[in-house]
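Step one of this worksheet: look at the structure below.
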Amino acid sequence: MKRYFVVTGLLATALVFYNCHSAKKAQAAAPAPTTYEASIKPLVMANCTPCHIPSKGGNKKAYDNYANAKADIDNMIRRIELNPTDKGFMPFKHPKLSDSTIAVFKQWRTEGLKEM
């Protein structure tokens with residue numbers, strides 16, 4: 001009888017450890033894909049206003065829509081990576097965007113420029 005309890009206890013312990021493996025947790029917490037609607041548009045609305053937002057009075061190319069942002073992503077990244085003293089730096093008359101914000105634009109391009 002004692003052997004039965006020992007074997008049952010070992011099997012139960014093995015089952016617990018098998019289901020608590022850290023690799024399974026990492027798979028479940030995969031990051032969401034970067035999309036225009038979820039990731040890029042909020043950044044554009046926060047950092048490119050009013051110049052690139054027509055509804056806010058902007059008269060530059062509108063980036064509040066997917067098609068324009070997708071078409072100009074390379075130029076957008078090039079300009080936000082410039083130093084504030086460089087010609088063409090964006091956002092004009094504002095501080096340089098953080099590296100993590102710039103990384104979101106690059107990640108969107110790398111992941112295939114998804115809209116939603």
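Taken together, the values in this text are just the output of simple stated rules run on the coordinates, not laboratory data. What you are looking at is a predicted structure, and each value in this text was computed from that prediction instead of being measured. Cβ: placed from backbone, ideal geometry, glycine included. Neighbour counts: every protein chain shown.
Taking a Cβ cut-off of under 15 Å around Thr34, the surrounding Lys, Arg, Asp and Glu residues balance to a net charge of +2, with basic ones at +1 and acidic ones at -1. For the stretch 102-111, the Karplus equation 6.51 cos²θ - 1.76 cosθ + 1.60, evaluated at θ = phi - 60°, returns couplings of 4, 4, 5, 4, 5, 5, 4, 5, 4, 7 Hz by residue, with Gly and Pro reported as x.
Only lysines eight or more places from Lys87 in sequence, or on another chain, were considered; those with a Cα closer than 26 Å are Lys41, Lys56, Lys60, Lys61, Lys70, Lys96, Lys106. In order along the stretch 79-85, the phi-based Karplus estimate (6.51 cos²θ - 1.76 cosθ + 1.60, θ = phi - 60°) of 3J(HN,Hα) comes to 6, 6, 7, 5, 7, x, 8 Hz; Gly and Pro are listed as x.
Converting phi to 3J(HN,Hα) with the Karplus coefficients 6.51, -1.76 and 1.60 and the offset θ = phi - 60°, the stretch 57-66 yields x, x, 10, 9, 4, 6, 10, 8, 9, 4 Hz in sequence order, with x at every glycine or proline.
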